[in-house]
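Step one of this worksheet: look at the structure below.
Every number here is computed from the coordinates shown, using simple stated rules; none is lab data. Bear in mind that the values here come from a model prediction, so they are computed numbers and not experimental data. When we count neighbours, we look across all protein chains shown, and the Cβ atoms used for this are built from the backbone with ideal geometry, even at glycine.
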Amino acid sequence: MRVLVVQNYDNTGLGQVGAALAEAHAEIDLRRPYLGESLPVDASAHDAMVVLGGAQNALADDDYPYFPHLLDLTRDFAARDRAVLGICLGSQLIARAFGGENRVGGAEEFGWQEVALTPEGETDALLAGLPGNFPVFQWHDDHFSLPSSAVRLAGNGVAENQAYRISRAVYGFQFHFEADSRLVREWSEAFAELIAKRHPGWHDRLDAEIAGKGSRSDAVGLAIARAWVATI
C-alpha cells in the first residue's frame, strides 16, 4: 500500500491518520509542493492520497501555483477509484476540484467544537457507529459549497458542510479529526504567537479543554482514520 501525502504548510502532519497508516504497514510518499517539491503526474504509482491543511485559502493559485495540478491529480485518483482524503484546506481543494464554490472567510472556528452527523453520515462506511454528535478540533476561517456529486455527512451551525463523500472513497473533512490531544499541544506551541493574537487565553484554557473534550475527540478521530485506511 503506497500512499501519497500532500503537505501544504509547515508544522502540519498526519496525526491519527499516520497512526492508522502505520498499523496497515503503508508506505508514505510525502510531498511538500509549497517548498517546491514536485507532485506525481498522475495516480498510477499510488493507492491513495491524503491532502493536508494549511493557512492559505483554496483559491490562492498565484501564491501556490501547484494547486491546479493538485486538483487534476485529485480527479485522477477518483477516476481510478483510489481513496482520497482531504482535511481542512484539503477538503476545500477537493470540493473545488469537483465544482464546489470556495468561500473565503465568514466561517471561523477554533478549538474543540461540536459536529453532528447527517442521516447519510450515520450510515456511511467511515462514520457509522460514531455518536450522532461529538466534539472535534477545528481551525479554519473558510468554507465551501458541496459539489453536486457529493453526499453531505456532517455539519454544524458555523460550517454546514463539515464532512462529505464523493463516489466510493473520496472524503473531505473540514474538521481536524487527525489532530489528537498530543498534536493539538504541538500546534499550540508551534503557532503560539498566531493563536495568542487571534484567540487570547487559549494557552491558559488548553489543559481544561483537553480534559473536557480531548479523549472523546481522540477516540472519534482514530476511528475515522482507521475506517478511511480500510477503504484503500
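A few points about this structure:
- Extension reserve of the Leu30-Ala55 stretch, reckoned as 0.36 nm per residue once the Cα distance is removed: 7.1 nm
- Point-to-point label distance, Asp42-Leu194, nm (Cα→Cβ direction, 7 Å offset): 3.6 nm
- You can think of it this way: the chain between Ala22 and Thr123 has 33.7 nm of extra reach, that is 0.36 nm per residue less the Cα-Cα gap.
- Dipole of segment 2-229 computed with +1 at Lys/Arg Cβ and -1 at Asp/Glu Cβ about the Cα centre; of His25, Ala208, Phe191, farthest Cα towards the positive end is His25.
- Residue among Arg198, Arg82, Arg185 with the largest mean-square fluctuation in a Gaussian network model of the chain, springs linking Cα atoms under 10 Å: Arg198
- For segment 1-104, applying the loop criterion from DSSP together with a ceiling of 14 other beta carbons within 10 Å to the GluC sites (Glu not before Pro) yields Glu37, Glu101.
- Look at the Cα gyration tensor of the chain: its axes a ≥ b ≥ c give a/c under 1.5, and that counts as rounded.
- Shape call, segment 72-132: gyration tensor on alpha carbons, a/c limit 1.5: oblate
- Local electrostatic count at Ala159 - Lys and Arg +1, Asp and Glu -1, tallied over other residues with Cβ under 13 Å: -4
- Pairwise centroid distance, computed over Cα atoms, of segment 151-182 with segment 13-30, Å: 19 Å
- Neighbourhood charge, 12 Å Cβ-Cβ cut-off, centred on Met1 and excluding it, Lys, Arg +1 and Asp, Glu -1: -2
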